[in-house]
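Derivation of every value follows stated rules applied to the coordinates shown; laboratory data play no part. Source: prediction; values computed, not measured. Neighbour counts run over all protein chains shown; Cβ positions are idealised from the backbone, glycine included.
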Amino acid sequence: MAKQDKDATFVGDSRISAKRIPNIAPSYSDFPGKSEPFWPNFLLKEWMVAAVCLVAFLVLTVSHPSPLTDKANPNDTSFVPLPDWYFLFLYQMLKYPWAAGDWVVLGTVIIPGIAFGALMLAPWLDNSKERRPSKRPVATGLMLTALVGIFYLTWAADHEHSKNHPSNHGGGSSGGSSAAAPAAPADPSFKPEEIWTAQTSCMGCHGKNMEGVAGPNLQKIGSKYDANQIADIIKNGKPPAMPGGLIQDEAEIKKLAEYLASLK
């Protein structure tokens, strides 16, 4: 019998019900060595990995205890507080004029709010199915800009702190020994003049008798700075803790600077 080519024509007919195949997962026995059930095989492996990581982390914390510093001492004016490393970029950003002073709300609320809000809304703001970074220039560019900014600000904060306070750099001390330089000794018999006792905004940090509280001891500040340098610090401040602009009257600044410069 000769073979003949035959064409098959499929005609749709609404009177014939479609055959529905139930959504049942195939048997794992059909794929030996390639698949496994989630419970308990896969989940047990996940728990084993988590347990190993947890034990390793506990061993690390026990073998390398946290380098805690000494107890807080209100008479030690050499300690300079610094936020943890993951907040250093925000700490550094607040040093710039556009994020401090009259614009401090911009640096403390608006910019962080926009950044974290955009991070939370990222799945809805960019719903592209493309996974290659080169095909998503806007999202890739914003993420790289944020990462570069965070890394630079963190480095700048640490570099500036280590430059201005080399004795306090290095994360504190361990084993109960203090790595900070000793506080400047205060002379209990020292009595400041009236020009100082009138500066209530200064006494809050430097003490009623200039012995130093949150700020440094000023009883011998003249041996370190001259009148012009002191006047510049009063006007513009000195990072990281000394703010500027607390005294606005130029004559008062000059008189106070000359008095402080005479304390040697």
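Derived from the Cα gyration tensor, the three semi-axes of the equivalent ellipsoid of the stretch 197-264 are 15, 14, 12 Å, largest first. Its Cα centre serving as origin, the stretch 194-261 has a Cβ charge dipole (Lys and Arg +1, Asp and Glu -1) of approximately 220 debye.
How long is the gain from D126 to K238 if the chain were fully straight, where each residue apart is worth 0.36 nm and the alpha carbon distance is subtracted?
Between D126 and K238, full extension yields an extra 36.0 nm.
Taking label positions 7 Å along the Cα-Cβ direction at both N73 and V213, the computed distance is 2.0 nm, reported to one decimal. Pairs exceeding 27 Å between alpha-carbon atoms, taken from K163/K255; K163/K224; K71/K264; K208/K235; K208/K255: K163/K255; K71/K264. For K95 and L43, the FRET efficiency from 1/(1 + (r/R0)^6), where r spans their Cβ atoms and R0 equals 51 Å, is about 0.55.
Quick one: go through the stretch 205-233 and flag any residue whose amide nitrogen is under 16 Å from the point 7 Å out along the Cα-to-Cβ line of K264. Counting only backbone N, you get 219-230. Relative protection proxy for 91-99, 131-139, from highest mean packing down: 91-99, 131-139 (other beta-carbon atoms within 10 angstrom).
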